Amino acid sequence: EAQWRKMIKDKVPGKLSTNLRTAMGLEDGQLPPWCMTMNEIGMPPAYAGMQVAGINWDISNLKDGTYAKVTNLPKIGNKNNKSQ
Amino acid sequence: MNNSTDVSKSVYVGNVDPRVTKEELYELFIQLGPVNKIRYPKDKVLQTYQGYAFIEFSKEKDLEYVLNLVSKTNNGNIMKLYDRWLRIRRTGDNNNS
């Protein structure tokens, strides 16, 4: 489905759109609530090496909706997906 | 057409404000792990979202990580949209309300 493919292309871990940040009530310079727990229990298994601003990445990277960096992003999304 | 999600890899998400879009759910949950599929039903007559969704992750270990992360964050309050905390639970787990 075209809409799903577009979402997969546009959205990446480590970055939150203005729209979503507004819905979450997350202010500029504020880390999403799950970051501190990630620091305690480790990063997501699929995002090994994830760097979070203020934790294991410089805090100055926290801007424009970006709060983390994931390198070697795994291929995501099921190409057979037909959900609507 | 296959609209179901794999129970062994999915979370149930409740208390979803009807203004929340499927795209927002996708963007939110990929922060925690790769998402394969989302089922977010609409009322057939009213065409409004029904307040819950199923998010299928890529692998079982992604699901286990997310459940662990949720349980260790602020009494399960980890994601809030439009001032409502999402209720995130293992799919098929009815004993935990």
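The aspartates and glutamates within cross-link reach of B:LYS61, meaning a Cα-to-Cα straight distance under 18 Å and a gap of 8 or more places when in the same chain, are A:GLU40, B:ASP6, B:ASP93.
Relative to the Cα centre, the charge distribution of the protein assembly as shown, modelled as +1 at Lys and Arg Cβ and -1 at Asp and Glu Cβ, gives a dipole magnitude of about 560 debye.
For segment B:24-29, backbone phi angles converted through the Karplus equation (6.51, -1.76, 1.60; θ = phi - 60°) give residue-by-residue couplings of 5, 4, 4, 4, 5, 6 Hz, Gly and Pro being listed as x. For segment B:48-56, backbone phi angles converted through the Karplus equation (6.51, -1.76, 1.60; θ = phi - 60°) give residue-by-residue couplings of 10, 5, 9, x, 8, 8, 10, 10, 9 Hz, Gly and Pro being listed as x. Neighbours of A:LEU26, meaning other residues whose beta-carbon lies under 14 angstrom from its beta-carbon, give a summed charge of -2 when Lys and Arg score +1 and Asp and Glu score -1. With a simple spin-label model that places each label point 7 Å from the Cα along the Cα-to-Cβ direction, the separation between B:ASN15 and A:ASN56 comes to 3.0 nm.
In this calculation the C-beta distance from A:ASP10 to B:ASP6 is compared with R0 = 22 Å, giving a FRET efficiency of 0.35. In this structure, the amide hydrogen of A:LEU62, modeled 1.01 Å from its nitrogen in the peptide plane, lies closer than 5 angstrom to no residue at least 5 positions away or on a different chain. Pairs from the table (A:LYS6/A:LYS63; A:LYS63/B:LYS9; A:LYS15/B:LYS44) lying more than 30 angstrom apart at Cα are A:LYS63/B:LYS9; A:LYS15/B:LYS44. Calculated mean residue ellipticity, 222 nm, the protein assembly as shown: -6500 deg cm²/dmol, from DSSP H runs (n ≥ 4) at -39500 (n - 2.57) each, averaged per residue and rounded to 500. From largest to smallest, the equivalent ellipsoid semi-axes obtained for the protein assembly as shown from the alpha-carbon gyration tensor read 24, 18, 17 Å. Around the Cα centre of chain B, unit charges on the Cβ atoms of Lys, Arg, Asp and Glu (plus for the first two, minus for the last two) sum to a dipole of about 120 debye.
Just so you know, all these numbers are worked out from the coordinates, no wet-lab data involved. If you're wondering where the values come from, they're calculated on a predicted model, not measured in any experiment. In this analysis, Cβ positions are derived from the backbone assuming ideal geometry, glycine residues included, and neighbour counts consider all displayed protein chains.
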